[in-house]
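K.L.:
Supplied in structure tokens, the structure appears directly below.
Read-outs: derived from the displayed coordinates by stated rules, not from any lab. Since we're looking at a predicted model, the values are computed, not measured. Cβ sites come from the backbone with ideal geometry, for glycine too, and all protein chains shown count toward neighbours.
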Amino acid sequence: MKNRASGEQSIFYKKYEKLRSYTSDIVMTVNPDGEVIEANEKAFYVFGSSLDGVNIQDIFDGVDPFFDFELDNNVVRSNYVLYKTGDGEKHPFKLTFAPVLEKGKVNEIIVICNDLKEIESFRKEIEYLKERLKAIENKKRKQTVRSTANDNNNEIGPAARKVDNASKKLEEMNRNMLKELKLASILQKTLIPSHFPADDLLQFTMHFEPTGFVGGDYYDIIGLGDNKKGVIIADVSGHGVSSAFIAAMLKISFMNFAAESLSPAGLLNRLNKEYCSLIQTGDFVTAIYAIFDPVNSTIVYSGAGHPKPLLLHRKTGAIEFLRSNGFFIGMFEGAEYKDRTVEFSVGDRYLAYTDGIIEAHSEDQMEIFGSKRLLASFEICRDKPCDIMINSIIHNVKKFMQKSKFYDDLAMVAVEYKNKGQL
């Protein structure tokens, strides 16, 4: 590791070394212009040569115009791209960008590259086998009744064996690859509340839609006394059993720490310290935790690299994105989290979500749904009930995607301060 920092940042780089060493993903560091400074051994294994000095936009097709982290330099962001191999084959990747700050400025950007080839190959293999089975069955049905017994044996025998072999292959793939996903899916379903409790002053609405390839989206609510409610929404990196287990650990830790009446920043700090020692796989967590206090008309919140929630101020009609400065959970023990307080009055509406919403891709993979489209969808439904608003946003996301594939879960939580007509 190059000697780029001292003091507190040296602690960060030690943790970064663990990420580079333990993760099965490609990890590289780039400068603010996108040029690779260094990369781990997995990167050399996949790409076959040193990447030093190469611009990340020259490695992958579809990297968005390089993120301007100076505008919002503490938010972890993702981008779905394609890597073109030497033989012309294209592999899908998810790139996660995490800025490293020095004196408030972006010094470097850590890029974690998740290879989605296995997921995509699994999809294609299943589709192929199903089509092959269908074609063989159709061929059998078209055998003429007038065929002789020998003809039938000659034609149907080999076809039947192909059907049998393809069926066994399909079953084996299902057993080996879906067994893990089934376990993860069961875990994930136990984490996500099917409904939120009724409240005299606050209305809670949620939506969760898994991709089928289990991710690590998680949200929850806890009563804190004095009519206060704590609401968290989080996203564990990666997919499968490991993400589901980390999300399960997150739920237990959240309930324990929140019950101690910690501030949002205090809770995220505890989670980060715990997960820096527990997680040695290179996984990390983004999260937003907010405490709603309708009696005092406030929200106190803190974030850990998570997409910014939306807040509608009913009195003025203004809509704002709630910014936060925390680094994601589970990587840097010295990360700091700060509480922010905003007004939350009668009729105001809060919307938190995971990155599967804003990072949904168009069918041609050239655009993402993005924050601007989310804001527009939110604004159009500002006067409609929360459930209608959320359904409308999900509809707009899917309409934007058309036939594009989901790689991430879709999760949203809305909180509204009830007006007199709702009480």
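K.L.:
At 7 Å along Cα-to-Cβ for each site, give me the label-to-label distance between SER263 and ILE319 in nm.
P.N.:
3.0 nm
K.L.:
Can you tell me how much longer the chain between LYS338 and SER362 gets when fully stretched, taken as 0.36 nm per residue apart minus their C-alpha distance, in nm with one decimal?
P.N.:
Computed gain between LYS338 and SER362 is 5.1 nm.
K.L.:
While we're on this one: For the pair GLU89/GLU35, report the inter-label distance in nm, with labels modelled 7 Å from Cα in the Cβ direction.
P.N.:
3.3 nm
K.L.:
Can you give the FRET efficiency for LYS384 and LYS273, using 1/(1 + (r/R0)^6), R0 = 35 Å, r = Cβ-Cβ distance, to the nearest 0.05?
P.N.:
Approximately 0.25, to the nearest 0.05.
K.L.:
Is the shape of the stretch 192-422 best called rounded, prolate or oblate, per the rule: a/c under 1.5 gives rounded, else a/b larger than b/c gives prolate, else oblate, with a ≥ b ≥ c the square roots of the Cα gyration tensor eigenvalues?
P.N.:
oblate
K.L.:
Moving on to the next point. Pulled fully out, how much extra length does the chain show between SER404 and ALA198, if you take 0.36 nm times their separation in residues and subtract their Cα-Cα distance?
P.N.:
70.5 nm
K.L.:
Between GLU209 and ASN107, what FRET efficiency comes out of the Förster formula 1/(1 + (r/R0)^6) with R0 = 56 Å and r the beta carbon distance, rounded to 0.05?
P.N.:
After rounding to 0.05, the efficiency reads 0.90.
K.L.:
I've got another one for you. Quote the FRET efficiency, to the nearest 0.05, computed for ASN256 versus VAL46 with a Förster distance R0 of 35 Å and r equal to the Cβ-Cβ distance.
P.N.:
Taking R0 as 35 Å, the efficiency between ASN256 and VAL46 is 0.30.
K.L.:
For ASP383, what charge total do you get from the other residues with a beta carbon under 15 Å from its beta carbon, if Lys and Arg give +1 and Asp and Glu give -1?
P.N.:
+2
K.L.:
Taking amide H atoms as placed 1.01 Å from N in the peptide plane, list the residues 5 or more away in sequence, or in a different chain, whose amide H sits under 5 Å from that of GLY326.
P.N.:
GLY303, GLY305, LYS338
K.L.:
At what distance in nm do the modelled label points of LYS372 and ASN419 sit from each other, each positioned 7 Å from its Cα along Cα→Cβ?
P.N.:
Here the answer is 3.1 nm between the modelled labels.
K.L.:
Lysine pairs in the stretch 278-423 8 or more apart or on different chains: how many have alpha carbons under 30 angstrom apart?
P.N.:
Lysine pairs meeting both conditions in the stretch 278-423 amount to 29.
K.L.:
Still on this model: What is the distance in Å between the Cα centroid of the stretch 284-316 and that of the stretch 389-420?
P.N.:
Result: 18 Å between the Cα centres.
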